[in-house]
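Working notes, structure below.
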C-alpha cells in the first residue's frame, strides 16, 4: 500500500523480483538505483556512464530520457569467471562483513551500488580502492516507474 493505493498485488516472490514501482521495490529489501540515459528505445538500450547496456525489458520513453535502472545487491557478482551478459566497472568504496554475506559498495559511473557475495573463506573480498568488474544478467536490471 502506498498512500492508500495498492501499487502492486502479487506473491512475495513476484513483488521482490519484479516490483512494478520504485516504492514497491524499496519497500521489500535493499535496492540499487543507477541513473541511465535511453540510447535506443526500440532496441532497449541505455547508457550507464560510458557503457551501453541492452535491457531485456521494453523501454517506453524516448531516446535521451533519463531513467532509473534498479537491481538487487544479489543480482550481480564481482567474482572472476562469474556469469552475466553485462559487465560494469567500478571502484570499491566500502566492504562490510555481515556473517554469511559480504556487502561491497562500489562506485559505478557516479552511482554507489551495493553487491552481496556469500562469505567464502577461500576468496578474499576486494579492498577499498580496488577497481572491480561486476557481472550482471541484464534480465535482472529493471526500469522502475516513480
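The values are calculated or read from the model by the stated rules, or taken from the named source; none is laboratory data. Please read these numbers as outputs of a predicted model, since none were measured by experiment. Note that each Cβ is placed from the backbone with ideal geometry, even for glycine, and that neighbours are counted across all protein chains shown.
Looking only at the stretch 1-22, residues that are farther than 23 Å from residue 74 by Cα and in contact (Cβ under 8 Å) with a residue 12 or more places away in the chain come to 2 in all. Answer yes or no as to whether residue 25 is out of contact with any helix residue (DSSP H, G or I) (no Cβ under 6 Å at 6 or more places or on another chain), surrounded by 14 or more Cβ atoms within 10 Å (Cβ to Cβ), touching a residue at least 40 places away in the same chain (Cβ under 8 Å) and farther than 20 Å from residue 108 by Cα. Against the criterion (out of contact with any helix residue (DSSP H, G or I) (no Cβ under 6 Å at 6 or more places or on another chain), surrounded by 14 or more Cβ atoms within 10 Å (Cβ to Cβ), touching a residue at least 40 places away in the same chain (Cβ under 8 Å) and farther than 20 Å from residue 108 by Cα), residue 25 qualifies. Specify the residue that is farthest from residue 129 (Cα to Cα); the eligible residues are those in the stretch 74-118 that are surrounded by fewer than 17 Cβ atoms within 10 Å (Cβ to Cβ) and under 11 Å from the mean Cα position of the chain (by Cα). Looking at residues that are surrounded by fewer than 17 Cβ atoms within 10 Å (Cβ to Cβ) and under 11 Å from the mean Cα position of the chain (by Cα), I get 74. The residue of the stretch 1-22 that is farthest from the chain's Cα centre (by Cα), among those that are part of a strand (DSSP E or B) and either farther than 22 Å from residue 111 by Cα or at pLDDT 85 or above (or both), is 5.
Scanning the stretch 1-22 for residues that are over 18 Å from residue 140 (Cα atoms), surrounded by 13 or more Cβ atoms within 10 Å (Cβ to Cβ) and touching a helix residue (DSSP H, G or I) at 6+ places or on another chain (Cβ under 8 Å) gives 7, 8.
Look at the stretch 39-58 and say how many of its residues are crowded, with 16+ Cβ neighbours inside 10 Å and either within 26 Å of residue 105 (Cβ to Cβ) or within 15 Å of the chain's Cα centre (by Cα) (or both).
Of the residues in the stretch 39-58, 5 are crowded, with 16+ Cβ neighbours inside 10 Å and either within 26 Å of residue 105 (Cβ to Cβ) or within 15 Å of the chain's Cα centre (by Cα) (or both).
There is no residue in the stretch 125-133 that is more than 15 Å from the chain's Cα centre (by Cα), closer than 30 Å to residue 8 by Cβ and loosely packed, with under 14 Cβ neighbours inside 10 Å.
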